[in-house]
Amino acid sequence: MQVTRTFDILTSFKQKWPDKEDALASKQNGEWRRYSISEYSELVRLFSCGLLSMGFRKGDKIATISNNRPEWNFADMGMSSIGVVHVPIYPTISDEEFKYILTHSDARMLIVSDKSLYARLKPISDSIPALKNLYTFNQIEGAPNYAEIIGLGKKNSDKYGQELEKIKESIDPGDMVSIIYTSGTTGVSKGVILSHDNIISNVKAVDPRFKITHEFRVLSFLPLCHIYERMVNYIYQYKGVSIYYAESMATIADNLRELKINLFVTVPRLLERVYDKIIGKGKDLSGIKKMIFFWAVSLGLKYRDTGNSWWYNFRLKIARKLIFSKWQQALGGEIRFIMTGGAAIQVRLARIFWAAGIPVLEGYGLTETSPVLAVNYFEEPDNVRFGTVGPPLTNVQIKIAEDGEILAKGPNIMLGYYKDPEQTARVIDGDGWFHTGDIGIMEEGKFLKITDRKKEIFKTSSGKYIAPQVIENKIKESLFIDQAMVVGENEKFVSALIVPNFEFLHNWCSIHKVNFRDNSDLIKIPEVIARFQREINEINSGLGMTEQIKRFRLVHDEWSPLSGELSPTLKLRRNVVYEKYGHLMQEIYGHSGVKDEAELLNRMKKKAANNQVNNK
């Protein structure tokens, strides 16, 4: 059948693989609860009939705030089947953001996953007149459960069955299917309007580069409320893949091993942590075992994407047997490849994982582009280049503007921002080109390389341009460093705020008999600061004179989405970091850069406004 709308994926799945017994699965009470494709399809049908019974019609909005789970799909496919617009929301945002999105989106109903979210969202939903219903996926005493909607659908199945089919036939591929609010690193979230065609065109264009079959088992743990994991989730179903949802972020490794997973999608930050833990274990080895371990690592870091000599491949075969096979077993032993996006992956990580026989394919896109614009191919060496995001998709046009900004055009470009035609006009020009806000180049006339965010590039007082993301990625290659933010706009020199990798640093302190009370005490110890200076000196040796880190300050806070320094997709929220560490800017430059917090916020708003004008 022809797949042109998201719910067509489910119909196609059932037609092609009717005997699939584990289309979706999640752990319940310690056991995997598997849903066959027949059960999945029927639950979606009943959910759609239930919504019709409640009076929902095409164009209405329903929001969800949930972890990854099969029920998310029942609701998502059930909504799209009757033209109801799905508004998925991150569970980790503030109450103020929850209220803004739920109000701005015109949501009529909200479904949350668990008791804590229900308790948190109940007073917020009660304060929004248009929000009539609040349901839960988990069974919670006193709270309406989504199963009641399915029950309504079952009760009224005969009444609404024919109407459901007529509605599905009436839905056009160009119709709105979802509003996704961008997490953003500054300012108020914007509602990205995506159509069926936006998403389906991306599914069909990315699919040939995945090289997956219905025999694959995949693990899903990045938030389904983000278009990245959601679109990939649709690809899985488009290919008849078995989707298992991780119990939590803490159980990913256990789930990978238990299920013998073939593929998962992640962000570079998680791969960095995996690598750091592996290297940490290597450092605990001794004698010949330690020597062989780091020989293999050193060899892996020399892996070339354009091909390796026979002598290199001979040594690599030995390294894979002795060392890298254990890396593979740690991930379940059946991994075919890993997809990564959301931020640039360090080239050294790409090299080492490929050398280990675990290909990592980097892609690039935005919520506004549904999301993929470019991605490296799987099992096609001529279409993989480390340090790039691969060739653009075949149905996407990419061009580089005079100022270096990446512009894109294609069927995956959003319909616009919800209730915000001015913002839409700023990013989609009169010729239909979407302005990504990212700076990039084309390498070899084929591979797209992202060099930085347009709005994050800054000038020093000497007029030299600094691309902070490039430097930050180099800094984070150090095993001692977890996070870093490069600063120095309008200053004489570049500096950095650094969050140590405290687990690694604690081990170092133990070995070198450095005593400390807590992390806030640890970062002030002269021996520790001197050790970090050695790391910075090494990093500086690979940077240009104007890019080198002249001063740095260690911070004891671990940055996260919950504490606000990182967005839900683990990107730096620079304005938050500037605001939080103004006192360190005072130490570095002799002034905080602002007289008070109000002035800081005003400055950030002005900068954001200028960026919007420049993008236009």
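The numbers here are math on the coordinates, done by the rules we state, and not lab data. Everything numeric in this text was worked out from a predicted model, so none of it was measured. Backbone-built Cβ (ideal geometry, glycine too); neighbour counts: all protein chains shown.
What the table shows:
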read-out	value
√(5λ) per eigenvalue of the Cα gyration tensor, the range 194-283, largest first, Å	27, 15, 12
Cut-off under 5 Å, modelled amide H: who pairs with residue 566 long-range	560, 573
Inter-label distance for residue 583 and residue 103, nm, one decimal - labels placed 7 Å from Cα along Cα-to-Cβ	3.4 nm
For the chain, calculated [θ]222 nm from helices alone, where every DSSP H run of n ≥ 4 adds -39500 (n - 2.57)	-12500 deg cm²/dmol
Most to least packed among 267-280, 66-79 [average Cβ atoms within 10 Å]	66-79, 267-280
Size of electric dipole in the range 6-171: Cβ of Lys, Arg +1 and of Asp, Glu -1, about Cα centre, debye, nearest 20	200 debye
Ranked by how many other beta carbons lie within 10 Å on average, peptides 581-587, 546-552 from highest	546-552, 581-587
Percentage relative contact order, the chain, counting C-alpha pairs under 8 Å, at least six apart	11 percent
Principal-axis tilt of helix 287-300 within the chain, Cα atoms, nearest 10 degrees	70 degrees
Translational diffusion of the range 356-425, µm² s⁻¹ [Kirkwood Rh, Cα pairs; Stokes-Einstein; 4 °C; 1.567 mPa s]	94 µm²/s
Those lysines that a straight Cα-Cα span of less than 23 Å connects to residue 155, excepting residues fewer than 8 apart in one chain	58, 132, 166, 168
Cα→Cβ-extended label distance, 7 Å offset, between residue 513 and residue 57, nm	8.0 nm
Isotropic mean projected area of the C-alpha convex hull, the range 1-90 (nm²)	6.5 nm²
Computed lengthening from residue 120 to residue 172, 0.36 nm per intervening residue step minus Cα-Cα distance	15.0 nm
Proximal lysines relative to residue 20, as straight alpha-carbon distance under 21 Å, when same-chain residues fewer than 8 apart are discounted	211, 239, 260
Among beta bridges that DSSP assigns inside the chain, antiparallel share in %, nearest 5	55 percent
Calculated Rg and Dmax of the range 6-171 using C-alpha coordinates, Å	15.8, 46
Principal-axis tilt of helix 526-540 within the chain, Cα atoms, nearest 10 degrees	80 degrees
Additional length obtainable on full extension of the chain from residue 19 to residue 156, 0.36 nm per residue less Cα span	46.6 nm
Net length gained if the chain between residue 530 and residue 302 were fully extended (0.36 nm per residue, minus Cα distance)	79.1 nm
Between helix 115-126 and the chain: long-axis angle, C-alpha atoms, 0 to 90°, nearest 10	70 degrees
Exceeding the 32 Å Cα-Cα cut-off - candidates 399/474; 204/464; 16/154	204/464
Point-to-point label distance, residue 214-residue 253, nm (Cα→Cβ direction, 7 Å offset)	3.6 nm
Among beta bridges that DSSP assigns inside the range 6-171, antiparallel share in %, nearest 5	25 percent
